[in-house]
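Enquirer: Following this message is one structure expressed as structure tokens.
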Amino acid sequence: MLIETLFMFLKVFVVGGAICVIAQILINYTKITAGKILVYFLLAGALLQAVGVYQYIVDFAGAGATVPISGFGYLLADGAIKGAKNSLFEAITGGITSAGMGITAAIIFGYVFSLVFKSKSKRN
Amino acid sequence: MKTSKEFTNENYLDYVKHIAPKTKQKRTIFHAFWVGGLICSIGQGFRMALESVFNLKGDELSAYVSMIMIFLGAFLTGLGVYDRIGKYAGGGSIVPITGFANSVVSPAMEFKTEGYVYGTAAKMFVVAGPIIVFGIASSVLIGLIYFVGYRIF
């Protein structure tokens, strides 16, 4: 049990780290900005789930695949695909329903914390 | 973050490329790897905890883990800690969902002086807006393709 858990964490660490390394390589060797990298990774996650690949990465590496922004794309695509089984309505709303928690959390926590805290000067 | 003139930015990048030692780029990759891996491992810790305590599964589990990570990312950004992590880890701090939270809070705090509506609330979406636009657009497209696919096959 303990060894299993440790092995799981190792998989999470390696896969999550590897996804971040891809981003770092793009930052180092191309002129793609951070905002665009987030969009590309999100689309990559959604696309990989659309062809049915990302689910395997999630099953293999858990949070190593869901915590990176590509996991957010996976969640959107997965919701849409599951909704598409039921109705047209759910095919359209399924994505944002799945990702609703993330978007809501970002908006609520984002707004609250930006009101509570003051911007630290970027000069130092 | 953004410079007003594109060419000054490019000149600067050339200048940086000229003086930056090559080994430093390799080191940033290592930094991104271990910080990114660590953030995901923290997420996995919450994942396992929620799984065993509240018996959550699948998308619901992912969604709650995302919520917790976004909370932490937003909180650490507020404290000014996340930007320091970002300087060290680069891609390792941008790509995890905590980086998404950072991209929401950071401009929102910075533009607070422009008011709570057009400052904070509007600038929250400078980076997050495109993510939500492309995310929802792609999910609707995938949903429609699958909807048609399920009905035909």
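Enquirer: Looking only at the stretch A:33-51, count every residue that is more than 7 Å from chain B (Cβ to nearest Cβ), among the hydrophobic types (A, V, I, L, M, F, W, C) and under 11 Å from the mean Cα position of the chain (by Cα) and tell me the total.
Expert: Within the stretch A:33-51, the subset more than 7 Å from chain B (Cβ to nearest Cβ) is A:33, A:36, A:40, A:44-45, A:47-49, A:51.
Subsequent filtering for residues that are among the hydrophobic types (A, V, I, L, M, F, W, C) retains A:44, A:47-48, A:51.
With under 11 Å from the mean Cα position of the chain (by Cα) added as a condition, the list becomes A:44.
Count: 1.
Enquirer: Which one is farthest from residue A:15 (Cα to Cα), of the residues in the stretch A:52-72 that are more than 10 Å from chain B (Cβ to nearest Cβ) and β-branched (Val, Ile, Thr)? So that I can check it myself, show each step before the final result.
Expert: To start, the set of residues in the stretch A:52-72 that are more than 10 Å from chain B (Cβ to nearest Cβ) comprises A:52-57, A:59-60.
If we keep only those that are β-branched (Val, Ile, Thr) as well, we get A:53, A:57.
On the way: A:53: 14, A:57: 9 Å.
Checking each candidate, the answer is A:53.
Enquirer: For a quick check of your reading: which helices (runs of 4 or more DSSP H) sit entirely within the stretch A:1-92 and have at least 1 residues that are in contact with an Asp or Glu (Cβ under 9 Å, 6 or more places away or on another chain) and crowded, with 20+ Cβ neighbours inside 10 Å? Write out each step before concluding.
Expert: Values: elements: A:2-29, A:34-50, A:54-61, A:63-66, A:69-86.
Hits in the stretch A:1-92: A:34-50, A:54-61, A:63-66, A:69-86.
Enquirer: Kindly establish whether residue B:83 is charged (D, E, K, R), at the interface with another protein chain (Cβ under 8 Å from one of its Cβ atoms) and within 27 Å of residue A:54 (Cβ to Cβ). So that I can check it myself, show each step before the final result.
Expert: Working: charged (D, E, K, R): yes; at the interface with another protein chain (Cβ under 8 Å from one of its Cβ atoms): yes; within 27 Å of residue A:54 (Cβ to Cβ): no.
Against the criterion (charged (D, E, K, R), at the interface with another protein chain (Cβ under 8 Å from one of its Cβ atoms) and within 27 Å of residue A:54 (Cβ to Cβ)), residue B:83 does not qualify.
Enquirer: Looking at (1) facing another protein chain (nearest Cβ under 8 Å); (2) without any contact (Cβ under 8 Å) to a residue 12 or more places away in the chain; (3) within 15 Å of the chain's Cα centre (by Cα), can you tell me which one residue B:92 breaks?
Expert: For residue B:92, the failing item is (2).
Enquirer: Which condition does residue A:114 not pass, out of (1) at pLDDT below 90; (2) more than 7 Å from chain B (Cβ to nearest Cβ), if it passes all the others?
Expert: (2)
Enquirer: Can you tell me which residue in the stretch B:104-142 is surrounded by the fewest Cβ atoms within 10 Å (Cβ to Cβ), limited to those that are more than 7 Å from chain A (Cβ to nearest Cβ) and closer than 20 Å to residue A:74 by Cβ?
Expert: B:133
The values are calculated or read from the model by the stated rules, or taken from the named source; none is laboratory data. Keep in mind it's a predicted model, so treat the numbers as computed, not measured. In this analysis, Cβ positions are derived from the backbone assuming ideal geometry, glycine residues included, and neighbour counts consider all displayed protein chains.
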